[in-house]
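The values are calculated or read from the model by the stated rules, or taken from the named source; none is laboratory data. If you're wondering where the values come from, they're calculated on a predicted model, not measured in any experiment. Heads up, the Cβs are rebuilt from the backbone with ideal geometry, glycines too, and the neighbour counts pull from every protein chain shown. The protein model used for the area step is the full one, side chains on, heavy atoms only, and it has no ligands, DNA or RNA in it. Shrake-Rupley method; radii C 1.70, N 1.55, O 1.52, S 1.80 Å.
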Amino acid sequence: GEDVEQSLFLSVREGDSSVINCTYTDSSSTYLYWYKQEPGAGLQLLTYIFSNMDMKQDQRLTVLLNKKDKHLSLRIADTQTGDSAIYFCAESLNSGYALNFGKGTSLLVTP
Amino acid sequence: DGGITQSPKYLFRKEGQNVTLSCEQNLNHDAMYWYRQDPGQGLRLIYYSQIVNDFQKGDIAEGYSVSREKKESFPLTVTSAQKNPTAFYLCASSIRGNGYTFGSGTRLTVV
């Protein structure tokens, strides 16, 4: 299938905000997801947004959705060293089961 | 607690051997998935199953086999036909319309 696009790397200083961007492919996707993967571990669901929403905030996380441009972003406020990980965005597909993942953005937080 | 369990965490295979990776979930999820993760390549879908006794090939099924005899279990066999099996393998499960729950992964190394 078509690729969900993400930039591969992002480096920020501790305390700054991080913004990770994603361009997805399916305009009919019902849900869009952000997953976090720490080294040597599986993926954990961070947050998700329903397609009829523009924004969702959950503590330090803000998700913005631009359906017209099929653009999704994840903002992490007050980024900490523990936020260093790989972040994957994913779109739901028509089957209702499968997700289409991006290749992941490696976030490095420096002191 | 409900969850998805992969075992073993580390697995070593000699060339020419078949090995089986275990994935068990007690979430009552219908669908289960196997992904392979290589550095810089994101997640690649190997096989998936939406119902017991049925499964479909993903993007990189060659050299792998699966079974789905029980709803809770979706083992993956890496056969000797898989020429480059060293990778991190992730199992996931889902119900229709929801995101995935991932296991903690199995790292397979050919020795």
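Could you give the alpha-carbon Rg of the stretch B:1-68 over 2.2 N^0.38 Å, rounded to two decimals?
1.20
Straight Cα distances below 27 angstrom link A:LYS36 to the lysines A:LYS56, A:LYS67, A:LYS68, A:LYS70, A:LYS103, B:LYS9, B:LYS57, B:LYS71, with same-chain residues fewer than 8 positions distant left out. Ignoring ligands, DNA and RNA, what percent of the 1.4 Å accessible area of the protein assembly as shown is carbon and sulfur? Whole-percent figure for carbon plus sulfur exposure: 47.
Across the stretch A:1-44, Cα pairs under 8 Å and at least six residues apart give a relative contact order of 33 percent.
Other residues within the sphere of radius under 15 Å centred on the Cβ of B:CYS23, judged by their own Cβ, net out at +2 (K and R +1, D and E -1). Across the alpha-carbon set of the stretch A:7-62, the Rg to Rh ratio works out to 0.97, Rh being the Kirkwood radius.
Considering only alpha-carbon pairs that sit under 8 angstrom and 6 or more positions apart, the relative contact order computed for chain A is 38 percent. Could you work out which residue, out of A:SER28, A:SER18, A:SER92, moves most in a Gaussian network model of chain A, that is, has the largest mean-square fluctuation with Cα springs under 10 Å? Residue with maximal mean-square fluctuation among A:SER28, A:SER18, A:SER92: A:SER28. Within the stretch B:6-49, find all residues whose amide N lies under 15 Å from a label point positioned 7 Å from the Cα of A:THR30 along Cα-to-beta-carbon. B:30-31, by backbone N distance to the label point. Altogether, the Stokes-Einstein calculation at 25 °C and 0.890 mPa s, with the Kirkwood radius of chain A over Cα pairs as Rh, returns a diffusion coefficient of 175 µm²/s.
Spacing of the modelled spin labels on A:ALA41 and B:GLN56, each 7 Å from Cα toward Cβ, amounts to 3.2 nm. For the protein assembly as shown, dividing the convex hull volume of the Cα atoms by the residue count gives 123 Å³ per residue. Among the trypsin sites (Lys or Arg not before Pro) in the stretch B:12-111, those placed in a DSSP loop whose Cβ has at most 10 other Cβ atoms within 10 Å are B:LYS14, B:LYS83. The GNM of chain A, with springs linking C-alpha atoms under 10 angstrom apart, assigns the highest mean-square fluctuation among A:PHE50, A:PHE88, A:PHE101 to A:PHE50. For the stretch B:1-95, the relative contact order is 33 percent, taking Cα pairs closer than 8 Å that sit 6 or more residues apart in sequence and dividing their mean separation by the residue count. Per residue, the protein assembly as shown exposes 49 Å² of solvent-accessible protein surface, assessed with a 1.4 angstrom probe and all protein chains in place.
Ignoring ligands, DNA and RNA, how much accessible area is buried between chains B and A, both sides summed, with a 1.4 Å probe, to the nearest 100 Å²? Interface between B and A: roughly 1600 Å².
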